[in-house]
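Asker: Quick one: this structure, given as structure tokens, is what I'll be asking you about.
The values are calculated or read from the model by the stated rules, or taken from the named source; none is laboratory data. Note that this is a predicted model, so its numbers are computed, not measured. Cβ placement follows ideal geometry from the backbone for every residue including glycine, while neighbour counts extend to all protein chains displayed. The accessibility values were calculated without ligands, DNA or RNA, using every heavy atom of the protein model including side chains. Shrake-Rupley method; radii C 1.70, N 1.55, O 1.52, S 1.80 Å.
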Amino acid sequence: MGLDLRTRADRLLGAGLERLVVDHHRRRLSRRGREQALDPDPGQGQGRSGEADEAWAQQGSPPRPGNSVEVLIDGADAFAQMVEAIRGARSHVHIAGWHVTPDFALTRGDEPLLLRRLLAETAERCPVRVILWAGAPVPVFKPRRSDVRAVREALCKGNRIQCVLDSRERPMHCHHEKLVIVDDELAFVGGIDLTSLAGDRWDESSHPARGRLGWHDAGTCLRGPAVGDVAGHFDSRWRELTGEALEPPQPEEIAPAGDLTVQVTRTIPEHVYDFAPEGEFSILESHVRALRSAERLIYLESQFLWSPELVSILAEKLAHPPCDEFRLVVLLPANPNNGEDDTRGQLATLVDADDGAHRFLACTIYARTGERSDPLYVHAKVGIVDDRWLSVGSANLNSHSLFNDTEMNLVLCDPQLARRTRLRLWAEHLEREIDEVDGPPHELVDGLWRPIATEQLQRHERGEPLSHHLVELPGVSRHSMRLLGPLQSLLVDG
């Protein structure tokens with residue numbers, strides 16, 4: 001009885017705090033004229049002729065036709081393509097990141113290529129400009145401002161690399177986007193940082209156990225008119241920080257490179273930049289639109305899942321599924337570097353909404369070689385809905401990324417790419433060939449995901465070697481803490 005009383009009290013307090021957080025966010029957006037991010041009107045998006053209007057965010061840049069997008073899964077592939085692009089730069093290289101490590105090894109082997117060397121060599125023939133978050137002003141968080149100043153010194157000493165530090169953040173938040181732009185012709189947009197801080201981002205999709213923390217991540221390589229939106233964003237930040245106007249080409253001035261329509265979505269808090277005084281919350285809007293429209297499948301990979309606005313949509317889908325085949329699968333780290341109790345509480349909300357129907361599954365993954373397994377950090381930020389909507393970028397599914405940090409995602413409404421990306425990810429996590437995971441999603445969730453994940457969790461709890469990467473997320477129970485997520489949001493999302 002005591003446990004039940006504590007649980008009920010926790011849920012009541014958590015629900016009350018969540019209402020305060022959601023009401024605060026709603027008032028904040030309404031004051032900025034951005035309330036459509038939480039309540040987008042169907043048919044009021046930025047769709048073009050022949051496309052569903054509700055698929056696109058109304059805020060920010062419009063969807064641009066004529067692009068090519070390659071989804072890059074895990075660091076080894078992504079870094080190899082970045083190196084090739086930077087080495088071929090003719091006019092400039094622009095990088096915006098949360099953090100970089102100057103001696104980060106972009107390639108591995110006998111003679112690894114270090115980030116500083118690559119950028120310094122490139123800077124001898126064309127400008128290399130880097131924007132980094134200035135670091136945490138309160139030294140209890142990392143990287144500290146003194147750490148980032150030392151990074152800039154190490155990165156730029158004795159070469160022509162230009163690096164500026166951006167301290168125009170909201171209190172307790174950061175600049176979190178991860179961008180590499182080459183010649184305004186291609187852009188890498190995603191979740192992959194050029195750093196080893198908190199973990200080595202270089203990892204292969206096979207995720208072998210190597211005696212240290214593994215890293216699962218995702219990004220994109222974009223070509224075509226939408227690169228102009230990415231380059232324009234970098235120009236706006238650089239201009240405000242340095243006074244130098246880079247004057248990138250407008251999207252309509254960039255030649256088509258493919259047949260994909262892409263929308264560049266962002267989070268920019270209000271009162272941070274003069275170029276966006278009221279902010280932009282198109283990442284939130286695009287996710288709200290997509291999740292509300294889901295009919296059969298929502299698949300999410302994220303470092304965190306504690307946005308009450310998005311969790312409430314997911315819970316409604318589970319409580320009132322649009323069809324019998326509806327499934328919700330989320331892939332999260334086993335031990336996020338913060339917010340673990342916040343995510344556990346929100347997952348418990350989804351477990352309750354599912355109410356034993358087995359439409360919801362939360363998993364994590366481990367690096368594995370033979371009988372050895374190591375923790376594997378899920379850092380990817382991927383959303384796929386019904387194999388028709390795809391989002392890849394830097395934004396986690398928490399209040400930091402949706403309201404307070406600067407972020408950038410790419411959104412596409414292309415069934416072929418969305419489905420192909422899901423199949424690649426599922427083949428990686430289930431350790432199957434593509435054709436083995438090419439079937440009705442609900443049958444694969446019920447017949448492969450759940451049995452494998454449940455068995456591996458049991459092995460893990462017994463201390464036995466894992467036989468698969470995929471493990472059901474432990475600690476997702478009806479008695480998970482509901483209070484900490486809303487409390488943290490209330491304290492830091494002012």
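Asker: Taking amide H positions as placed 1.01 Å from N in the peptide plane, with prolines and chain starts having none, which residues 5 or more places from ALA395, or on another chain, fall under 5 Å of its amide H?
Answerer: Here the answer is MET408, since their amide H atoms fall under 5 Å of that of ALA395.
Asker: With each pseudo-label sitting 7 Å past Cα toward Cβ, what's the LYS157-ARG125 distance in nm, one decimal?
Answerer: 2.7
Asker: Report Rg (one decimal) and Dmax (nearest whole number) for segment 210-290, counting Cα atoms only, units Å.
Answerer: Considering segment 210-290 through its Cα atoms, Rg and Dmax are 16.1, 49 Å.
Asker: Ok, one more. Students often check this: by mean Cβ neighbours within 10 Å, which of 189-199, 259-269, 236-246 ranks highest, and how do the rest follow?
Answerer: 259-269, 189-199, 236-246
Asker: Starting from a Cα-only point model with no solvent, please compute log10 I(q)/I(0) by Debye for the chain at q = 0.07, 0.08, 0.13 1/Å.
Answerer: Treating every Cα as an identical point scatterer, log10 I(q)/I(0) equals -0.35, -0.46, -1.31.
Asker: Scan segment 170-221 for trypsin sites (Lys or Arg not before Pro) in coil per DSSP, keeping those whose Cβ has at most 14 other Cβ atoms within 10 Å, and list them by number.
Answerer: Those that pass, being in a loop and sparsely packed, are ARG210, ARG212.
Asker: Within the accessible area of segment 131-264, what % is carbon and sulfur when the probe is 1.4 Å and the other protein chains stay in place?
Answerer: Carbon-and-sulfur percentage of accessible area, whole number: 49.
Asker: How much FRET efficiency would the formula 1/(1 + (r/R0)^6) give for HIS271 and ARG459, where r is the Cβ-Cβ distance and R0 is 45 Å, rounded to 0.05?
Answerer: 0.35
Asker: Under a Cβ-only charge scheme (Lys and Arg +1, Asp and Glu -1), can you give me the dipole magnitude of the chain about the Cα centre, in debye to the nearest 20?
Answerer: It comes to approximately 1340 debye.
Asker: Quick check for you: with a 1.4 Å probe and neighbouring chains kept, what is the accessible area per residue of the chain, in Å²?
Answerer: Result: 39 Å² of accessible area for each residue.
Asker: Quick one: angle between helix 415-430 and the longest Cα principal axis of the chain, in degrees between 0 and 90, rounded to 10, please.
Answerer: Helix 415-430 sits at roughly 70 degrees to that axis.
Asker: What percent do you get for the relative contact order of segment 342-412 when only Cα pairs under 8 Å and 6+ apart count?
Answerer: Result for segment 342-412 is 17 percent.
Asker: Quick check for the chain: number of Lys pairs with alpha-carbon distance under 25 Å, counting only pairs 8 or more apart or on different chains?
Answerer: Counting lysine pairs in the chain gives 6.
Asker: Of VAL182, PRO225, PHE104, which is farthest along the charge dipole of the chain in the positive direction, counting Lys and Arg as +1 and Asp and Glu as -1 at C-beta?
Answerer: The listed residue farthest towards the positive side: PHE104.
Asker: Apply the Kirkwood formula to segment 413-472: the hydrodynamic radius equals the inverse of the mean of 1/r over all pairs of different alpha-carbon atoms; give it in Å with one decimal.
Answerer: Evaluated on segment 413-472, it is 12.3 Å.
Asker: If contacts are Cα pairs under 8 angstrom and at least 6 residues apart, what is the relative contact order of segment 348-487 in percent?
Answerer: Computed over segment 348-487, the figure is 29 percent.
Asker: Given the peptides 76-84, 306-314, arrange them by the average over their residues of other C-beta atoms within 10 Å, most packed first.
Answerer: Highest mean packing first, the order is 306-314, 76-84.
Asker: Quick one: net charge around ALA257, please, counting Lys, Arg +1 and Asp, Glu -1 for every other residue with C-beta under 12 Å from its C-beta.
Answerer: That works out to -1.
Asker: Now for a different question. Taking the mean number of other Cβ atoms within 10 Å as a proxy for protection, how do you rank 123-131, 317-325 from highest to lowest?
Answerer: Averaged packing, sorted descending, gives the order 123-131, 317-325.
Asker: Separate question: Compute the acute angle (0 to 90°) between the alpha-carbon long axis of helix 227-242 and the principal axis of greatest extent of the alpha-carbon atoms of the chain; round to the nearest 10°.
Answerer: Tilt relative to the chain: about 70 degrees.
Asker: Right, next: Trypsin sites (Lys or Arg not before Pro), restricted to segment 410-444: which are DSSP loop and have at most 14 other Cβ atoms within 10 Å?
Answerer: When the trypsin sites (Lys or Arg not before Pro) of segment 410-444 are filtered for loop state and at most 14 Cβ neighbours within 10 Å, nothing remains.
Asker: Taking Cα atoms, how many degrees apart are the long axis of helix 145-156 and the longest axis of the chain, rounded to 10 and kept between 0 and 90?
Answerer: 50
Asker: Would you compute, from DSSP H runs of 4+ residues alone, the mean residue ellipticity of the chain at 222 nm, taking -39500 (n - 2.57) per run and dividing by the full residue count, rounded to the nearest 500?
Answerer: Helix-only estimate at 222 nm: -10500 deg cm²/dmol.
Asker: Relative contact order for the chain using alpha-carbon pairs under 8 Å, separation at least 6, rounded to a whole percent?
Answerer: 19
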